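Note sheet for the following structure.
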Amino acid sequence: MAERELSAFVHAIQELFGSEQAKCSAEDWLHELSKKDDLPSSACEWRLITAKASSRLAVQMSRVLSTESQTFRWEEKCVYLSLELQALSFRQWYVN
């Protein structure tokens, strides 16, 4: 389950922000996983790791983006990423 969650997260980030940011976000995701005492036991717990890594990305990107038009584009991408992650969650629960 970890491989699918990380892979979907990295793919979404790469599509939205490029491969360099995807690499950094993958490292953030792994860092969040390493903070856990035990491996997550449910899809919900795996998704929480992804949400935390996404939050780190949002903080990093908000520092980079400063103009109003760039901020709008960032918010648009965040909505898209959120929808992508929800779709992934749906597929994991109902397809498998």
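The numbers here are math on the coordinates, done by the rules we state, and not lab data. Here the structure is a predicted model, which means the values were calculated and not measured. Because the Cβ atoms are built from the backbone with ideal geometry, glycine has one as well, and the counts that use them run over all protein chains shown.
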(message) For a test of the definition: using alpha carbon positions, the gyration tensor, and the 1.5 limit on a/c, classify segment 1-65 as rounded, prolate or oblate.
(response) prolate
(message) Test of the criteria: in segment 1-60, which trypsin sites (Lys or Arg not before Pro) are in a DSSP loop and have at most 10 other Cβ atoms within 10 angstrom of their Cβ?
(response) LYS35
